[in-house]
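Q: So that we are looking at the same thing, I have put the structure below in structure tokens.
The values are calculated or read from the model by the stated rules, or taken from the named source; none is laboratory data. Just so we're clear, the structure is a prediction, and the values are computed from it rather than from any experiment. Glycine also receives a Cβ, built like all others from the backbone with ideal geometry; neighbour counts cover every protein chain displayed.
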Amino acid sequence: MKRVKNGDRVRIHFTGRFPDGRVFATSSGREPIELTVGDEEIMPGFREALVGMMPGESKTTRIAASKAFGERHEDRILRLDAKQLQDEARPQVGDVVQLQSDTGIRMSARVIEVTGEDITLDANHPLAGHELTFEIEMIAVGPAEAPN
């Protein structure tokens with residue numbers, strides 16, 4: 001049987017949990033997800049957990065925040081005048097708004113407080129700062145073109 005290495009295309013099932021056991025994402029009940037091991041979009045700790053697995057193997061791995069979605073950064077908490085947002089409707093707590101920096105970089109931010117004419121946004125990834133646990137089931141391993 002083939003062990004996973006960087007560059008392989010894999011099919012997996014997974015369940016992601018917070019340390020208290022709450023599920024934040026799962027592929028259970030759906031088709032397995034396909035991904036290429038080593039892609040930059042995959043968090044480093046998850047990539048590391050996949051390497052060396054074989055089809056039919058399952059594992060549970062804990063991933064530190066620094067190897068998951070990163071640490072939370074207080075400088076990503078932004079207080080803006082509501083007039084700076086181009087949306088016609090006034091955002092509410094929990095809404096996600098799109099921002100663009102002076103250099104053209106686009107990012108999403110979650111509204112965490114609305115007071116008077118000020119809106120406080122959190123541009124951290126929603127899972128930043130969390131240690132995460134993943135249950136992973138390796139379904140198939142293949143070359144980058146397609147899994148077996």
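Q: For the stretch 1-19, name all the residues that are exposed (fewer than 11 other Cβ atoms within 10 Å of the Cβ) and in the same structural domain as T133 (by TED's automatic domain parsing). If you could, list the steps in order and put the result at the bottom.
A: Taking the stretch 1-19 and keeping what is exposed (fewer than 11 other Cβ atoms within 10 Å of the Cβ), we get 1, 19.
The one that is exposed (fewer than 11 other Cβ atoms within 10 Å of the Cβ) and in the same structural domain as T133 (by TED's automatic domain parsing): P19.
Q: From R79, R11, grab the single residue that is over 15 Å from I136 (Cβ atoms), in contact with a strand residue (DSSP E or B) (Cβ under 9 Å, 6 or more places away or on another chain) and not acidic (D, E). Give the steps one after another, and end with the answer.
A: Numbers: R11 fails: over 15 Å from I136 (Cβ atoms).
Among R79, R11, only R79 is over 15 Å from I136 (Cβ atoms), in contact with a strand residue (DSSP E or B) (Cβ under 9 Å, 6 or more places away or on another chain) and not acidic (D, E).
Q: Within the stretch 34-63, can you find the residues that are exposed (fewer than 13 other Cβ atoms within 10 Å of the Cβ) and either in contact with a helix residue (DSSP H, G or I) (Cβ under 7 Å, 6 or more places away or on another chain) or free of Cβ contacts under 8 Å to residues at least 40 places away in the same chain (or both)?
A: Result: D39, E40, E41.
Q: Part of a helix (DSSP H, G or I) and at pLDDT 90 or above - does that describe any residue in the stretch 75-97? Step through it out loud before you land on a result.
A: Looking only at the stretch 75-97, we keep the residues that are part of a helix (DSSP H, G or I), and these are 75-76, 82-84.
Now drop any that are not at pLDDT 90 or above, which leaves 75-76.
Within the stretch 75-97, one or more residues are part of a helix (DSSP H, G or I) and at pLDDT 90 or above.
Q: Next up: Among the candidates R30, R22, R106, single out the residue that is closer than 24 Å to G142 by Cβ, loosely packed, with under 11 Cβ neighbours inside 10 Å and free of Cβ contacts under 8 Å to residues at least 40 places away in the same chain. Steps first, please.
A: Details: R22 fails: closer than 24 Å to G142 by Cβ; R106 fails: closer than 24 Å to G142 by Cβ.
Residue meeting the stated conditions: R30.
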